[in-house]
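The values are calculated or read from the model by the stated rules, or taken from the named source; none is laboratory data. Since we're looking at a predicted model, the values are computed, not measured. Note that each Cβ is placed from the backbone with ideal geometry, even for glycine, and that neighbours are counted across all protein chains shown. Surface accessibility is based on the protein's heavy atoms, side chains included, excluding ligands, DNA and RNA. Shrake-Rupley method; radii C 1.70, N 1.55, O 1.52, S 1.80 Å.
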Amino acid sequence: MDQSSNIIIFPKRKRAKPVSKKRIQNMDRVKYFNIHQIQLLRRTVKEQAELAKLKKTSTAIKEWACIDLLTCSGVRVSEAANLRCSDLKFGYSQCEIFVRQGKGSRSRTIQVPATLKTHLNSFLRWKQSVGEDLADEAHVFIGQRGPWTSQAIQNVVKKYLKNLGLYEHGKSAHALRHSYGVELYRREKDIRVVQQQLGHSSVRTTQIYTSVLNEDIQNQIKGLWGRTS
């Protein structure tokens, strides 16, 4: 009798996948400003821009255009610094900005509110009135030494945050992007919209904004059992 027919062959055991040690990011680690703080920042910079127009100076006018862009689009500081005049797609019934070479060298087109379109169109007319270049490849934000760098924009944001007492270490320009993401998700709870606007390659990155926020909890529990005292 052929003994080989009695040999039992056990199937190979599949190796268990190693458990990822990467911590899941949550809102406690995301630095952002609440809606009242963003409104205060925007109001302050806008007032400075209005004073600059009266004084015939330019710095605050550029700062307000930049802060308005950051808070109403969620673009990264580097993306704002790299913005060119032709990237503003403001044709008839069109409110879009082309973001070239974002993180990972990925480009994208984002939607922006009509108020930002109106402001930036006005800003372009102002640039032309003071002799700044409006060619397709000309940078939107230009200083005396050339196009604004990421560091220059970070310094602008930090300056105003410090003046308003809102600055914390690690909570500066990039926190404006997180603030945009938080508020955008809060509006309709549409994670795909937030992902597209912020340019995340994976929706898992965007899920940090789906965490329950303390402000939302307070709104839910306020007056839960009515007044008892």
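Accessible area per residue for the range 114-218, computed on protein heavy atoms with a 1.4 Å probe, is 57 Å². The phi torsions of the range 87-103, fed into the Karplus equation with coefficients 6.51, -1.76 and 1.60 and a -60° offset, translate into couplings of 7, 8, 9, 10, x, 4, 6, 10, 10, 10, 10, 8, 9, 8, 6, x, 4 Hz, rounded to whole numbers, with Gly and Pro shown as x. Placing dummy labels 7 Å off each Cα toward the beta-carbon, the span from ARG145 to GLN94 is 3.6 nm. The residues neighbouring GLY165, those whose beta-carbon lies less than 13 Å from its own, together hold a net charge of +3 under the Lys/Arg +1, Asp/Glu -1 convention. Amide hydrogen proximity for LYS89: with H placed 1.01 Å from N in the peptide plane, the residues at 5 or more positions away or on another chain lying under 5 Å are GLU96, ILE97, PHE98.
Amide H contacts of PHE141: TRP148, each under 5 Å away and 5 or more positions distant or on a separate chain (H built 1.01 Å from N in the peptide plane; Pro and chain starts excluded).
Of the accessible area of the range 115-178, computed with a 1.4 Å probe over protein heavy atoms only, carbon and sulfur atoms account for 48 percent. The HN-Hα couplings worked out from phi for the range 49-58 by the Karplus form 6.51 cos²θ - 1.76 cosθ + 1.60 (θ = phi - 60°) are 5, 5, 5, 5, 5, 5, 8, 6, 10, 10 Hz, whole numbers, x standing for Gly and Pro. Size descriptor for the range 167-229, Kirkwood hydrodynamic radius: 13.5 Å (Cα pairs only, one decimal). If we count every other residue with Cβ under 13 angstrom of GLY104's Cβ, Lys/Arg +1 and Asp/Glu -1, where does the sum land? In short, +4. Treating each Cα of the range 63-146 as one equal point scatterer and applying the Debye formula with no solvent, the log10 of I(q)/I(0) at q = 0.11, 0.15, 0.25 Å⁻¹ comes out as -0.26, -0.50, -1.47.
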